[in-house]
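Novice: Quick one: this structure, given as structure tokens, is what I'll be asking you about.
Bear in mind these aren't lab numbers, they're just calculated from the coordinates by the rules spelled out. The structure displayed is predicted, hence computed values, not measured ones. Virtual Cβ from ideal backbone geometry, glycine too; neighbours counted across all protein chains shown.
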Amino acid sequence: MITRILTILLIPFAVAAQNDPKAEAILKKVSDTNKAYKDIQVKFSYTLENQEAGINDTRDGQLTLSGNKFHLQLMGQDIYSDGEIVWYVMKEDLEVQIKSLEDFKAETDLDPSNIFNQYDKGFKSKFHASETIDGKSVETVDLFPEDPGKKPYSRVRLGVDAKTNHIVYSKTFGKDGTNYLLKVKEMKTDTSVPASVFAFDKKKFEDQDFDVVDFR
């Protein structure tokens, strides 16, 4: 479940800016702006919604990035990496899975440490509209998978703050009627995130009766 959420969460940052020059310019600004930061901390809300099924479930999460390191906290689970190893902490199951970063990327087709500048393949973009959200001028871009038959969603709508070039929201439209809405609540940059945020203390978890499974 968390892997699917991570995939949806990072869709907006793993796209190709193609076809629409205005959309391409917006996405390039997002990439250039965020590549300049030494570290990034994003607090967000994540909503799963399906009107027909009466589902509307919102959870809060946080993603921290620094170079090739990352730490995602969502739904009582942590996924974090020091750039070589990934630790997947499942708190309710009292289990930690350890994998190499390469295996993690192969399984998810994602590199969270590089999410802001993976504009090389996968999607076509089209400018949608200009909006005002919470007093901010927001430019919205629609992203369409180049191979829609292999994706469970038809498109992703990405909102970008026109002033800061930061992501405001993304909405993924599922083919089964289930949509995924990510809203950025707070974004901090260049705060000198300590290395301990991305480090795994095996003894700490073993002392709490976690089962640590090493898949490397």
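Novice: What nm value, rounded to one decimal, do you get for the distance between K150 and K126 when each label is placed 7 Å out toward the C-beta?
Specialist: My value for the distance between the label points is 2.2 nm.
Novice: For the pair D176 and K28, what calculated FRET efficiency results from E = 1/(1 + (r/R0)^6), where r is the Cβ-Cβ distance and R0 = 45 Å, to the nearest 0.05? Please report the intermediate quantities before stating the final value.
Specialist: Values: r = 32 Å, r/R0 = 0.72.
Efficiency for this residue pair is about 0.90.
Novice: Could you order peptides 40-46, 165-171 by the average number of other Cβ atoms within 10 Å of their residues, highest first?
Specialist: Order by mean packing, descending: 165-171, 40-46.
Novice: Shifting gears a bit: Near S125, within a Cβ-to-Cβ distance under 12 Å, what is the net charge of the other residues, with Lys and Arg +1 and Asp and Glu -1? Walk me through the intermediate numbers first.
Specialist: Details: positive: K22, K28, K124, K126, R155, R157; negative: D20, E24, E139, D142, E146.
Local net charge: +1.
Novice: Between A36 and K202, what is 0.36 nm times their sequence separation minus the Cα-Cα distance? Round to one decimal in nm.
Specialist: Full-extension gain reported as 56.5 nm.
Novice: Roughly speaking, what is the centre-to-centre gap between the stretch 33-61 and the stretch 178-196 when only Cα atoms are used, to the nearest Å?
Specialist: 9 Å
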